[in-house]
Amino acid sequence: MVDLLTVDHLGIGIPRGSNTVALVEDVSFTVRAGESYGIVGESGCGKSTTIRAIIRLLTGKARITRGAVRFDGVDLAQAKESALQSIRGAGIGMVFQDPLTALNPVLTVGRQIAEGLRYHGQLSAADRHARMLEAMRLVGLPDPARIAASYPHELSGGQRQRAAIAIALIASPRLLLADEPTTALDVTIQAQILRLLSDLRSRLGMALVLVTHDLGVVAQTCDRVAVMYSGRIVEEAPIRRIFENPRHPYTVALLNSIPRGSRAGHPLHPIAGMPPDPAHRPSGCSFAARCPNRQTDCEAVAPGWTPDAGGGGFACFHPARAHAEVPHG
Amino acid sequence: MLTYIVRRLLLMIPVALGITLAVFLLVRLIPGDPARAILGIHATPVLMAAVRARLGLDRGIGMQYLLYLRSLVQGDFGISYYYGQPVAQLVLGRMVPTLVLLLYSTIISLVIAIPAGILAATQQGRGADHVLRVVATAGLGLPSYWTGFILILLLSVTFHLFPIAGYGNTWGARLYNLFLPALTCALNVAPLVMRALRTSLGEALGAGFIDTARAKGLPARAVLLSHALRVAILPALHVLGLNIGFLVGNTVLVENVFAVPGLGQLMISSIGTRDYPTIQMVTLMFGIIVVLIYLITDLGQIMLDPRVRRSEIG
Ligand SMILES: Nc1ncnc2c1ncn2[C@@H]1O[C@H](COP(=O)(O)OP(=O)(O)O)[C@@H](O)[C@H]1O
Ligand code: SF4
Ligand SMILES: [Mg+2]
């Protein structure tokens, strides 16, 4: 598979006084055409900041300070606003966490779905309308004509998220970014939306970057996963390896905290403590304060990246043991 | 929708009744005597008493009010003490300039406030925002008769761009003549609308749906106008609606500064002549105008905001 998106040594920061506080540091990963890539980690570890940076929709004063985001031969980190506008929607679509706030409350759902087509391609109004109804059918919205004429507050949470997905898909992007697309929804609806995303990805042949704080979600949906902690990727691996042989102590801790039958027999261990504030990260490993494997060397310098033979790798001085029997690839 | 409008119109009856009572009493609190105003300072007490009796002012105040209400219900608004004409006829002739002035100043307010609000919201904390805040505070603080005089001095006397006063016979002439008075009124209201828009647009620009709009690849202009402004304009229009009473009050002052032959001018001159029936009817008309405009702005709000549409009319 060809590389579709390459995030290369990405750094994101916010100016504070004369310094810059780093929110995300040295993040690199590659998403291949058609694949499903997960980014997982506790709240506040920089997942949203990272994927927002990809289409340059950072919030507030956050800025890319370093690195590149290559998509289609273009470095989005350096691209001009006009170039970004033609890539947003048509090359890369995005779905946000809360479908209620993500939709404009005073415009009809249909208008919001069709709107992207006005700025991508040369379709007539009638064709745009037809495509809109088609996209609504594709995301499983019942009675598209009626829902197209409705306003967001008239839809259920699940329907709103389906509408938001239709908005992101209407201009046929090759990459869909989804930032915790199920977190704001009821549990039963969460599963439906995840299934929809997986289904759409294979039907449309597009790649998916799925951000979540829930490893269970990643297990159902993703081919590969990056685990983020305190603004960095601390482990990356094919999905099986993460579950069968996690190496980074933070990944191990995350797995132990999954409240699901998928890890039956394992007691539930929420991770004690809090991730460090981005402005006050320790000089050594930022997981040190919470890490069961910590030794004195951990606090001196941050651990470097150890590549893994099966793809991916981890950043830790004293990782969990590698199981020899884990199949590579 | 229709039942909602009818219900609102029915609610106007007690409001109108309250206005009649308040005005009826206030008018009689103005020092001075209509008989004296009619007859002049040399009138004899006998003559004065005769006039008072003819006007019905010799009766008890409660009785006077009941008689007034009875004629109102019969559609009889009385005869002006000063002009000797039916008050209804007099007031109707003065309605149009006032309504035109109100509409005109509302439009000018929006023409000023919307771009200024957009500029202030998008430049929040920067130069243009600070300048606009100072200008807005000044606009709010200056009384409209003062602004009116300054505008006359500047644009009429010095630069001869606009007439000092008057109304005109053709619509073109009227719009031209009324420009300065309308601008004067607008300068007082526009800052309120601008500030409301600055706040609501600032909020809207930070809302999640703006991210969605940008993620679609919309140009900045479309994000601002068809998404952020479309939402942010609602609270700004609401503030405009709430300040219609203030705007109407301003037109009274401004009509007098610019000699616009409207209700406000009639009201001030009738107060001077203690022309009770005229004052009463003009004030009642102002009250009805304000209440009707409230109704119109509420209906506008319902039309523009699908979220209240369902709950309000249901
Ligand atoms: N615009 C911003 N200004 C200041 N701090 C920010 C900004 N955006 C994100 N942050 C901070 O960056 C960190 C990562 O946030 P975020 O990317 O939203 O995490 P996640 O999505 O993983 O929960 C948090 O500490 C958050 O407070
Ligand atoms: S480097 Fe040390 S502190 Fe950091 S995760 Fe590994 S063992 Fe724990
Ligand atoms: Mg997030």
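Report, to one decimal in Å, the Kirkwood hydrodynamic radius for the range A:25-91 based on all distinct Cα pairs. Intermediate values should be presented prior to the final figure.
Details: mean 1/r = 0.0763 Å⁻¹.
Over the range A:25-91, the inverse of the mean reciprocal pair distance is 13.1 Å.
Using the Kirkwood radius over Cα pairs, work out the Stokes-Einstein diffusion coefficient for the range B:87-313 at 4 °C and 1.567 mPa s, in µm²/s as a whole number. Walk me through the numbers on the way to the answer.
Values: Rh = 19.1 Å.
In µm²/s, the coefficient is 68.
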Checklist outcome for this item: Comparing B:Tyr276, B:Tyr82, B:Tyr145 in a Gaussian network model of chain B (Cα, 10 Å), the one with the largest mean-square fluctuation is B:Tyr82
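How high is the relative contact order of chain A? Use alpha-carbon pairs under 8 Å, at least six apart in sequence, and give a whole percent. Intermediate values should be presented prior to the final figure.
On the way: 635 pairs, mean separation 63.5, N = 329.
19 percent.
Of all the stretches in chain B, which is the longest one without any exposed loop site, taking trypsin sites (Lys or Arg not before Pro) in a DSSP loop (any state but H, G, I, E, B) with at most 14 other Cβ atoms within 10 Å?
Numbers: sites that count: B:Arg59, B:Arg126.
Longest site-free region, per DSSP loop and neighbour criteria: B:127-314.
Classify the range A:31-155 from the C-alpha gyration tensor, please: rounded if a/c falls under 1.5, else prolate or oblate depending on whether a/b exceeds b/c. Mind showing how you got there, number by number?
Working: a/c = 2.03, a/b = 1.54, b/c = 1.32.
It is prolate, given that a/c is not under 1.5 and a/b is the larger ratio.
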Checklist entry - With springs only between Cα atoms under 10 Å, which of B:Val257, B:Val27, B:Val46 fluctuates most in a Gaussian network model of chain B? => result B:Val46
Next on the checklist: Once the cut-off is 17 Å, how many percent of the Cα-Cα pairs in the range A:108-168 end up in the long-distance tail?
Outcome noted: 27
Checklist entry - So what's the angle, to the nearest 10 degrees on a 0 to 90 scale, between helix B:263-272 and the longest Cα principal axis of chain B? => result 40
Item to check | Long-range HN-HN contacts of A:Leu177 with modeled amide H, under 5 Å | outcome: A:Gly93, A:Met94, A:Val95, A:Val209
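Evaluate 2.2 N^0.38 Å with N set to the residue count of the protein assembly as shown, then give the Cα radius of gyration divided by it.
On the way: Rg = 34.8 Å, N = 643, 2.2 N^0.38 = 25.7 Å.
After normalising by residue count via 2.2 N^0.38 Å, the value is 1.36.
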Checklist entry - the range A:136-201 to the range B:65-82: how many Å between their Cα centroids? => result 65
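Using a 1.4 angstrom probe on the protein heavy atoms only, line up B:Met12, A:Met94 by accessible area, largest first.
On the way: B:Met12 35, A:Met94 10 Å².
So, going from the largest accessible area down, we get B:Met12, A:Met94.
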Item to check | Selection from B:Gly40, A:Phe29, B:Val27 lying farthest towards where the dipole of the protein assembly as shown points positive, charges on Cβ | outcome: B:Gly40
Next on the checklist: Using only Cα atoms and rounding to the nearest 10 degrees, what angle (0 to 90) does helix A:187-204 make with the longest principal axis of chain A?
Outcome noted: 80
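Return a whole-number percent for the relative contact order of the range B:3-147, with Cα pairs under 8 Å and 6 or more residues apart as the contact set.
Numbers: 41 pairs, mean separation 13.8, N = 145.
10 percent.
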Checklist entry - Just which residues of the range B:207-236 lose 50 Å² or more accessible area with every protein chain there, against their chain alone, with the probe set to 1.4 Å? => result B:Phe209, B:Asp211, B:Thr212, B:Arg214, B:Ala215, B:Lys216, B:Gly217, B:Leu218
Checklist entry - In sequence order, what are the phi-derived ³J(HN,Hα) couplings for the range A:126-135 according to the Karplus relation 6.51 cos²θ - 1.76 cosθ + 1.60 with θ = phi - 60°, rounded to whole Hz, with x for glycine and proline? => result 5, 5, 4, 4, 4, 5, 4, 5, 5, 5
Checklist entry - So how much accessible surface do B and A hide from each other in total, probe 1.4 Å, in square angstrom to the nearest 100? => result 2100
Checklist entry - What per residue convex hull volume, in Å³, comes out for chain A when only alpha-carbon positions are used? => result 144
Checklist entry - What ³J(HN,Hα) values, in whole Hz, does the Karplus curve 6.51 cos²θ - 1.76 cosθ + 1.60 give for the range B:157-168 when θ = phi - 60°, with x put for Gly and Pro? => result 6, 7, 9, 6, 7, 9, x, 5, 7, x, 10, x
Next on the checklist: With viscosity set to 0.890 mPa s at 25 °C, what whole-number translational diffusion coefficient in µm²/s follows for the range B:43-139 from Stokes-Einstein and a Kirkwood radius over Cα pairs?
Outcome noted: 133
Checklist entry - What is the distance in Å between the Cα centres of the range A:1-22 and the range B:134-204? => result 50
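The values are calculated or read from the model by the stated rules, or taken from the named source; none is laboratory data. Everything numeric here is computed off the predicted structure, so don't read it as measured data. Please note: Cβ atoms are built from the backbone with ideal geometry, for glycine as well, and neighbour counts cover all protein chains shown. The area values use the complete protein model at the heavy-atom level, side chains included, leaving out ligands, DNA and RNA. Shrake-Rupley method; radii C 1.70, N 1.55, O 1.52, S 1.80 Å.
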